[in-house]
1. Let a ≥ b ≥ c be the square roots of the eigenvalues of the Cα gyration tensor of the chain; is it rounded (a/c under 1.5), or, if not, prolate (a/b larger than b/c) or oblate?
2. For the charge dipole of the stretch 1-121, defined by +1 on Lys and Arg C-beta atoms and -1 on Asp and Glu C-beta atoms about the Cα centroid, which residue among 114, 86, 6 has the Cα displaced farthest towards the positive pole?
3. Please report the spacing between the Cα centers of the stretch 138-182 and the stretch 286-301 in Å, no decimals.
4. Tell me, what is the per residue accessible area of the chain in Å², probe radius 1.4 Å?
5. Tell me which of 205, 163, 182 sits at the most positive position along the dipole axis of the stretch 158-212, charges placed on C-beta atoms (Lys, Arg +1; Asp, Glu -1).
6. Calculate the translational D of the stretch 148-274 in whole µm² s⁻¹ from Stokes-Einstein, where the hydrodynamic radius comes from the Kirkwood formula applied to all Cα pairs, the temperature is 37 °C and the viscosity 0.692 mPa s.
7. Carbon and sulfur together cover what percent of the accessible area of the chain at a 1.4 Å probe radius?
8. Run the dipole for the stretch 56-164 about the Cα centre, Lys and Arg Cβ at +1, Asp and Glu Cβ at -1, nothing else charged, and hand back the magnitude in debye, nearest 20.
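The values are calculated or read from the model by the stated rules, or taken from the named source; none is laboratory data. As the structure is a computational prediction, the values presented were derived from the model and not from experiment. Cβ placement follows ideal geometry from the backbone for every residue including glycine, while neighbour counts extend to all protein chains displayed. Areas reflect the complete protein model, heavy atoms only, side chains present, ligands, DNA and RNA absent. Shrake-Rupley method; radii C 1.70, N 1.55, O 1.52, S 1.80 Å.
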Amino acid sequence: MGAGHPECPERLDAIEDRLLITGLGDALDRREAPLASVADLERAHSRMHVAALRGMTDQLQEQIIAGGPEHAQVDPDTSLNVHTWNAALRAAGAAVAATDAVMAGEMENAFCAVRPPGHHACRSEAMGFCFFNNVVVAARHALDRHGLSRVAIVDFDVHHGNGTEDIVAGDPRILMASFYQHPFYPYGAEHSDAANLVNLPVPAYTRGMDIREMIEQAWIPRLDAHKPEMIFISAGFDAHREDDMGQLGLVEQDYAWITSRIKDVARRHAKGRIVSCLEGGYHLGALARSVEAHIRVLADL
Ligand SMILES: [Zn+2]
């Protein structure tokens, strides 16, 4: 994204360091992410959106050769460099490969430590640090390629997953459950009242205990009623109280609790199948500790 941008490579380094220091990394089955195919992307995005990003990348390459700038601006917060296209394909490819591995029974669940994130990426628009919607690409892959009939997407990032909502609103096969700080970024994005969405907008400074109660009352009964055969998590950790990107008060134990409640639902309906994808989380220490808490619950470690 360019120097000084919060969505930076150090985010994945911080997670990697934490896995190393705690020894947790050694206990996990680790895999490299393949590139998603254009067909994978087009399950969530318009052909025009995929072609436009490809075109911007090619154009940028020519600009650089001619001595131009190394970044192209997609929206006021989001820019791409010549490596963004491949990184975005790998982020979506990780989610697809994780879905294949979980469906094949090679593992019960998977966490994808990926950048760029995906939940602001709309069907035909990149925005908010996101280019392709990794969780929706994977959810549609599970439905269309693995023949599942119902899945759920759970989003606990501090920001509203407007891109996910844009793509899945009205798709009865996918139940989307989320909470997010409101009013907040992305300002102005319309909140759909489609029947397959469980949206919980919460004011700034809401604490973890209140979030837990809302999840218990609003998410869990709807998830149980939907009986998802697989659950996808938009795992953003920017609702952490140390993260200045948002103003919510979650801590590591809240992420562990939320993960364990999602895992209970997955055990009841989905043979435990969960694919979790990193979204936000910009305070490096809080991000690394929260990802550790999330993975420990997923992996029973
Ligand atoms: Zn976020």
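1. rounded
2. Ranked along the dipole, the leading option is 86.
3. Distance between centres, Cα-based: 22 Å.
4. Heavy-atom accessible area per residue stands at 41 Å².
5. 205
6. Approximately 226 µm²/s, per Stokes-Einstein.
7. Solvent-exposed carbon and sulfur of the chain make up 52 percent of the total.
8. Dipole magnitude for the stretch 56-164 comes out near 260 debye.
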